[in-house]
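**Q** Let me begin by handing over the structure; questions about it come next.
The values are calculated or read from the model by the stated rules, or taken from the named source; none is laboratory data. Keep in mind the model is a prediction, meaning the values are calculated, not measured. Glycine also receives a Cβ, built like all others from the backbone with ideal geometry; neighbour counts cover every protein chain displayed. Only protein heavy atoms, including side chains, enter the accessible area calculation; ligands, DNA and RNA are left aside. Shrake-Rupley method; radii C 1.70, N 1.55, O 1.52, S 1.80 Å.
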Amino acid sequence: MPYLLSILTYLPLLAAVVVVFFPKDQTKAIKYFTTGFFFVEFLLTLPLWFGWDSAQAAAGAAHSMWAFEEGPTPWIASLGVTYHMGIDGVSMLLVLLTNFLGVLAAWSGWEYIKTREKEYYIWLLILQTGMLGVFCSLDFFLFYVFWEVMLVPMYFLIGIWGGPNKLYAAIKFFLYTLAGSVLMLVGILVLYFRTGAVNNGVNTFNLDVMYKVALESGLQWWVFGAFFLGFAIKVPMFPFHTWLPDAHVEAPTAGSVILAGVLLKMGTYGFYRFALPLLPDATLRWLPFLMTLAIIGVIYGAMVSLVQKDMKKLVAYSSVSHLGFCMAGMFALTTAGIKGSVMQMINHGISTGGLFLLVGIVYERMHTREIKLYGGLAKLMPVYATFFMIITLSSIGLPGLNGFVGEILILLGAYHMSAALLFSKSLIFFLAGGMLLGAAYMLWLYQRVFFGEVTNPHLEEHCKGHDMKAREWGYMIPLVLVAFWIGLYPKPVLDKMDKSVAFVISRMQPAIQKAEAAKGLTPPPVTPITETVIPPAEAAVPPAEAPAQAPAH
Amino acid sequence: MSDLLWGTLPIAAMGLAACLMFLLAAVLKSGRTAGVLGILSTLILGGGSVLVLWSQGGKVVPAALVSCDKLALFFDGLFVLVASLVMALSLEYFEKKKAHHVELYGFIILATAGMMGLASATNLITFYLGLETMSLSFYVLAGFLRAHENSVEASLKYFLLGAFSSAFLLLGMAFLYGSSASLDFGGIATALSTGAIPLGEPILYLGFFLFLVGLFFKLSLIPFHFWAPDVYQGAPTPITALMAVGGKTAAAAGAIRIFLSVFTASQGLADKWFHLFMAVGLITIFVGSMIAVTQRHIKRLLAYSSIVHAGFIALGLGALAVASLREQVLAAVLFYVAAYLVMNVGAFAVAGVVERPENYDETLRSYSGLGTTAPYLAALFSVFMLSLAGIPLTVGFLGKFYIFGALVKGGYYVVASLGLIGAVIATYYYLKVVVALYFPAAGEEPAPAPKASWTTLALLTLMGAGTLYLGIFPGLLTDLVKGLGIG
């Protein structure tokens, strides 16, 4: 289907416009319509997955690394802004994740949201457009527009339907992310003004052209710094994470699910799509610092989770830890590490999204998330306890469930990391330590909430006989199924990202080899990259012309 | 008709319209009729002459007192637009306040003629005449709500401080004339490039400095901004819009012309201009944003917002000094002032609508919960606020984007980064307004929906749509500002 990505991206916006015309008091109709729409949207995403191989073959035949590519067509011609959409394996998985969690998030809010429901669903739909746009844009300007605009719906979601401290959280979220991204804008502009040299004197934001710009190493360092601020705040990497617990705790359940499941991935995706391939030399120079921050994030997030008194806050801090894993895997700059990192992005979306949904379920009954007010819940809500156990185990990486696949790949990748890149590879041990701590805080949470005697009389009153409802079953079952599927047979998912990861590695390879040569190390045997797709100059370049070499050569 | 007369046509047309309005004011009873006549005469006489001249590519007469090139015509067009919008908004506003406003329209048109003079002056005398015509009209307009203390105070304060700044400007002009023996911009430039400076360079620099102080005052750049919040708060809201948008745009236009015709003559002078404007611009952005954060009164908040925007404009004006960037920066500044017009008049228009007849001091309290009681108005106001903050898909974002793009192109990464960080601080207080609209504090009753006539709503819709349309498809405006320069 032509223009599938644009359709996917703007359909939620259209649905939001439709919802505007619903009468305000028809909340039921609005709920059904929105959730139904999200389901249809998810179904529309499935062709991306099932038609992936043929789409990628078609893209390869057209000398493009992007499947389902649209454009580049001029949008703001005087600025060289193009409308360019397309996905590779990694963004396809993230689009899929976004629409998958979209259905669950919309469904989960049916009873949690009791005020201004119409507006709520409108913002949820607009948010979806923003997120999909971020993952599909192949023009840096377009990406930036989606990246920023998406803040607005999230701001409203937290600010209107959030917890007691929602205003503070909403503004903090907005300003923090904005501060990071304006500096990123400066970095984007620096790159933009260099594109003329490789594009017949015409500056453009088109990513295909930007990939050909070879920035001098000194400037690269600064541009990477600007990108780092933009993306690291979004991830969030330690020490830029302080907005996250506030935003997570105050946001309504669906907001938390989207925030953890998708929004944080935009930061890691930013590193993957832009920072690494555009600035390979600077990546290496920043790497020791980044790796250290990532590992501090893993340990720090886990330790802070251990001492939380509020369930949601615990899950929020666990995100800091998990995302630290993600970044560590990515900065290992090995195929396994990056694949593990992408895997971890998806897994985190599923497990942490699931945990937020589960916390939301018991919050709807008890209206508190304080851990010490629970205890013995397994007796009152056995089904709920089972679901919670499965998702907990998926989060801590039990083999057979999804979390394991990502974490083991990240550890493998980090282990095989080139010794030239880091001052000491023993840092990797801390990653394993982080896994242990992760098991500790999750299991301890489980123990405190579910085991023992029921001491709180309210718990008996509100939860006994109120185990999972059909709707709650409905949105938890898919998560559990996916967790098992990825845990038991991750190959299809991993295969999808082959080419995409190979491209990033191929961009990094010359810089890594240079670093190794400088330290007198022989390069370790690298698995040969069978096919490397480097984007051609323009769509119009005749196929006879050999694809341009990576500039770092 | 001689070319000389053609060149002064827009100014003359607006002057004529002003005279007509003053004469009619003697016989007209109803402010509404006067207002409609004012709008019509502005659009027909002012707008018509601008369009006619634009279609002829402007009229430039060597050694004339004014230049009617396309750059001046672009500004003239903006002034006609803002004057018409302000008059249309004043109609309802003054009726709501039950204030006499028959003569108001004459003064608005006269102020517009002054702005046009400022934008096209090529001589110190005409520059001063334009500036004073505009300022004197503003002094009167600011005090038009005679029954309200604030308005009278604003008028007096503006007059006293304005007169003071004019004195600086005049003294600067005297020094300039003394050291270069010419009142004409071209003459001063010749003196600069040939080095024929009788009184020596220090006096010339002093002259420029004092002259620029006068301009900084009109642009309300920090530290010459102290008048702005009080005056903006006290003046009738549509008039505030005129001062904030028209007055500043005119001052920026004057700065652009004097830079392009005089300062380009000497690289040393251009460098000084660069440093001065960059420093003042950055200070204005930072200090202005930080003060704005503490404001609760909507018009004071918008006043500080316009101060901060002047800071962004100043960064653009400063970057004019870099020869390799000049063309791009000029287009960026022109884009910015046009963007600023659309979103800021819109914001002030909403402020005028929300203002209640009896109550003059409007804090954010009267915006609390408008998101539920007046959703359409609140949505429009949010669009203007987000545009002023510079969130993408609005014209305000592109305005900033052009200016900072030019700075990055020139390699001024630090200035660009600092300016953008300032913009983030500024976002905080725009969000504060959005917070008031949509997230009323617990237990706070939402403010009642204000009444607005369909004409006002239509104008607001137009400006909101313009903010978004130009934010997504700016081609219309970028084509217009491309390649404009002094003739």
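**Q** Assuming R0 = 30 Å, can you tell me the calculated FRET efficiency for the pair A:THR242 and A:LEU436, based on Cβ-Cβ distance, to the nearest 0.05?
**A** My answer for the efficiency is 0.75.
**Q** For the range B:120-148, list residues with backbone N below 18 Å from a point placed 7 Å from the Cα of B:ARG356 toward its Cβ?
**A** It comes to B:148, nothing else.
**Q** To the nearest 10 square angstrom, what accessible area does A:GLU111 show with a 1.4 Å probe?
**A** 70 Å²
**Q** For chain B, find the longest principal axis of its Cα atoms and tell me its angle to the long axis of helix B:267-293, 0 to 90°, nearest 10.
**A** Tilt relative to chain B: about 10 degrees.
**Q** Using the Karplus curve 6.51 cos²θ - 1.76 cosθ + 1.60 with θ = phi - 60°, work out ³J(HN,Hα) for each residue of the range A:406-411 in order, rounded to whole Hz, and write x for Gly and Pro.
**A** In residue order, the calculated couplings are x, 5, 5, 5, 5, 4 Hz.
**Q** Per Stokes-Einstein, at 25 °C and 0.890 mPa s, what whole-number D in µm² s⁻¹ belongs to the range B:3-481, with the Kirkwood radius over Cα pairs as the hydrodynamic radius?
**A** Using the Kirkwood radius from Cα pairs, D works out to 110 µm²/s.
**Q** Further, regarding this structure: With runs of 4+ DSSP H residues as the only contributors, calculate the mean residue ellipticity of chain B at 222 nm using -39,500 (n - 2.57) per run, divided by the residue total and rounded to the nearest 500.
**A** -24500 deg cm²/dmol
**Q** Here's a follow-up. Under a cut-off of 19 Å between alpha-carbon atoms, report the lysines in cross-link reach of A:LYS499, not counting same-chain residues fewer than 8 places apart.
**A** In chain and number order, the partners are A:LYS212, A:LYS339, A:LYS491.
**Q** Enumerate the residues in the range A:313-353 having an amide nitrogen under 18 Å from the point lying 7 Å beyond the Cα of A:TYR112 toward its Cβ.
**A** Once the point is set 7 Å along Cα→Cβ of A:TYR112, A:313-320, A:348-353 turn out to lie under 18 Å by backbone N, inside the range A:313-353.
**Q** If amide hydrogens are placed 1.01 Å from N in the peptide plane, which non-local residues have theirs closer than 5 Å to the one on A:TYR83?
**A** For A:TYR83, whose amide H was placed from the backbone, the distant partners under 5 Å are A:THR73, A:TRP75.
**Q** Assuming R0 = 60 Å, can you tell me the calculated FRET efficiency for the pair A:ILE408 and B:LEU462, based on Cβ-Cβ distance, to the nearest 0.05?
**A** 0.50
**Q** I'd like to compare B:194-204, B:317-327: which one has the highest average count of other Cβ atoms within 10 Å, and what's the full order after that?
**A** B:317-327, B:194-204
**Q** Thinking of the range A:84-150 as a set of Cα atoms, what percent of all their pairs are more than 14 Å apart?
**A** Looking at the range A:84-150, the distances longer than 14 Å represent 62 percent of pairs.
**Q** So what's the back-of-envelope 222 nm ellipticity for chain A, counting only DSSP H runs of four-plus at -39500 (n - 2.57) apiece and dividing by all residues, rounded to 500?
**A** For chain A, the value works out to -22000 deg cm²/dmol.
**Q** Calculate the spin-label point distance for B:LEU206 paired with B:ALA167, positioning each point 7 Å from the Cα along the beta-carbon direction, and give it in nanometres.
**A** Each label point is offset 7 Å from its Cα along the Cβ direction, giving 1.7 nm.
**Q** List the pairs from B:LYS299/B:LYS432; A:LYS166/A:LYS312; A:LYS114/A:LYS379; A:LYS118/A:LYS312; A:LYS234/A:LYS313 whose alpha-carbon separation is above 20 Å, in the order I gave them.
**A** Result: A:LYS114/A:LYS379; A:LYS118/A:LYS312 exceed 20 Å.
**Q** Sequence-distant or interchain residues sharing an amide H contact under 5 Å with B:HIS225, placed H: which?
**A** none
**Q** Right, something else. Could you sort B:TYR232, A:TYR10 by their accessible area in this structure, using a 1.4 Å probe and putting the largest first?
**A** Per-residue accessible area, sorted high to low, gives A:TYR10, B:TYR232.
**Q** Just tell me which aspartates and glutamates come within less than 19 Å, Cα to Cα, of A:LYS31; anything on the same chain fewer than 8 places away is out.
**A** Counting by Cα, and skipping residues close in sequence, A:LYS31 has these aspartates and glutamates nearby: A:GLU41, A:GLU111, A:GLU117, A:GLU119, A:GLU364, A:GLU472.
**Q** Give me the number: length gained by fully extending A:PHE451 to A:PHE484, i.e. 0.36 nm times residue separation minus the C-alpha to C-alpha distance, one decimal in nm.
**A** 9.4 nm
**Q** Additional query: With a Förster radius of 45 Å, plug the Cβ-Cβ distance of A:ALA58 and A:HIS367 into 1/(1 + (r/R0)^6) and report the FRET value to the nearest 0.05.
**A** The value I calculate is 0.30.
**Q** Please compute the modelled spin-label separation between A:VAL202 and B:TRP454, points set 7 Å along Cα→Cβ, answer in nm with one decimal.
**A** 4.7 nm
**Q** Calculate how steeply helix B:395-409 sits against the longest principal axis of the alpha-carbon atoms of chain B, using the helix alpha-carbon long axis, and give the answer as 0 to 90 degrees to the nearest 10.
**A** 30 degrees
**Q** Related question: Any idea of B:ARG296's accessible area? Nearest 10 Å², probe 1.4 Å.
**A** Rounded to the nearest 10, the figure is 130 Å².
**Q** Hey, got the average number of other protein chain Cβ atoms within 10 angstrom for residues in A:217-229?
**A** So the per-residue partner count for this stretch is 1.
**Q** Helix B:31-41 versus the longest principal axis of chain B: what angle, 0 to 90°, nearest 10, using Cα atoms?
**A** The two axes meet at around 40 degrees.
**Q** Which number do you get for Rg(Cα) / (2.2 N^0.38 Å) in chain A?
**A** Output field value: 0.94.
**Q** Here's something else I'd like to know. Determine the gain in length on full extension of the stretch A:LYS519-A:ALA470; use 0.36 nm per residue of separation and subtract their C-alpha separation, reporting nm with one decimal.
**A** Result for the pair: 11.5 nm of gain on full extension.
**Q** A further question on this structure: Evaluate the distance, in nm, between pseudo-label points positioned 7 Å from the Cα of B:PHE473 and of A:ASN165 along their respective Cα→Cβ axes.
**A** Result: 4.7 nm between the two label points.
**Q** Sticking with this structure for a sec: Kindly give Rg over Rh for the protein assembly as shown, based on alpha-carbon atoms, with the Kirkwood expression for the hydrodynamic radius.
**A** 1.01
**Q** OK, next. Heavy atoms only, probe 1.4 angstrom, no DNA, RNA or ligands counted: give me A:TYR415, B:TYR336 ranked by accessible area, highest first.
**A** Largest accessible area first, the list is A:TYR415, B:TYR336.
**Q** Let me check something: with ligands and nucleic acids excluded, how do A:GLU70, A:GLU119 order by accessible area (1.4 Å probe), largest to smallest?
**A** A:GLU119, A:GLU70
**Q** Would you grab the residues whose amide H sits under 5 Å from the one on A:GLY51? Only those 5+ places off in sequence or on another chain, please, with H modelled 1.01 Å from N.
**A** Result for A:GLY51 returns nothing.
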